[in-house]
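The values are calculated or read from the model by the stated rules, or taken from the named source; none is laboratory data. Because the structure is predicted, anything quoted here is derived from the model rather than measured. Positions of Cβ are backbone-derived with ideal geometry, glycine not excepted, and every protein chain shown enters the neighbour counts. We work out accessible area using only protein heavy atoms, side chains counted, and drop any ligands, DNA or RNA first. Shrake-Rupley method; radii C 1.70, N 1.55, O 1.52, S 1.80 Å.
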Amino acid sequence: MKSFKFALIVIMILLSSCNFEQPTTFSKEALNEVLVTQSGNSITLNKVLDKYQGKQVFIDVWASWCKDCLEGLPKLKSIQDENPETVFLFLSVDKTENAWRNGIKKYKISGEHYFIKTGWDGALSDFLNLNWIPRYMLVDKKGEIKLFKATNLQDKAIVEAFK
């Protein structure tokens with residue numbers, strides 16, 4: 001029995017240390033996710049990303065009620081200042097469009113803003129395996145996902161992705 005437990009522990013350690021491959025492109029379903037613009041129009045994620053073709057895009061999935069999201073805003077502002085050529089794209093999973101719009105104003109968040117109509121339950125959230133916010137991603141100038149998952153702006157992977 002001891003050898004079984006030992007083997008199980010070794011397998012768990014090996015699996016947790018594995019570097020699972022992260023996607024470099026969005027799934028078709030995620031790209032077809034319908035977002036709402038600040039003016040109330042509908043647009044797919046694919047069309048949003050097409051708007052910024054040839055530019056680096058930093059994506060922040062957030063909500064106005066999220067304490068961790070709000071606490072990260074000062075650091076996010078410094079990242080924006082350090083990377084003026086990067087598009088900062090904010091995708092909200094707020095419960096209502098009003099809460100989303102009010103949060104942008106209240107916290108003076110500058111960047112490109114969209115509301116995810118399906119919130120946590122849509123194709124984009126499924127693709128991201130969204131289980132925590134904030135969630136940060138970086139899409140390079142070629143349109144490939146360079147950083148798939150970071151949940152803290154102090155994450156060294158964010159610094160590396162911007163290099």
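Of note:
- Cross-chain or 6+ apart pairs with Cβ under 8 Å, region 130-145 first and of a type in the set (D, E, K, R), then in a loop (DSSP other than H, G, I, E, B) and open to solvent by less than 90 Å² (accessible area, probe 1.4 Å): ARG135/THR151; ASP140/GLN56; LYS141/GLY54; LYS141/GLN56; GLU144/THR24; GLU144/THR25
- For the condition surrounded by 16 or more Cβ atoms within 10 Å (Cβ to Cβ) and aromatic (Phe, Trp, Tyr), PHE162 does not qualify.
- Inside region 110-129, residues that are open to solvent by less than 20 Å² (accessible area, probe 1.4 Å), out of contact with any Phe, Trp or Tyr (no Cβ under 6 Å at 6 or more places or on another chain) and either closer than 19 Å to PRO74 by Cα or of a type outside the set (Ser, Thr, Tyr) (or both) make up a count of 5.
- Residues in region 130-148 that are touching a strand residue (DSSP E or B) at 6+ places or on another chain (Cβ under 8 Å) and buried (at least 16 other Cβ atoms within 10 Å of the Cβ): LEU130, ILE133, PRO134, ARG135, TYR136, MET137, LEU138, VAL139, ILE145, LYS146, LEU147, PHE148.
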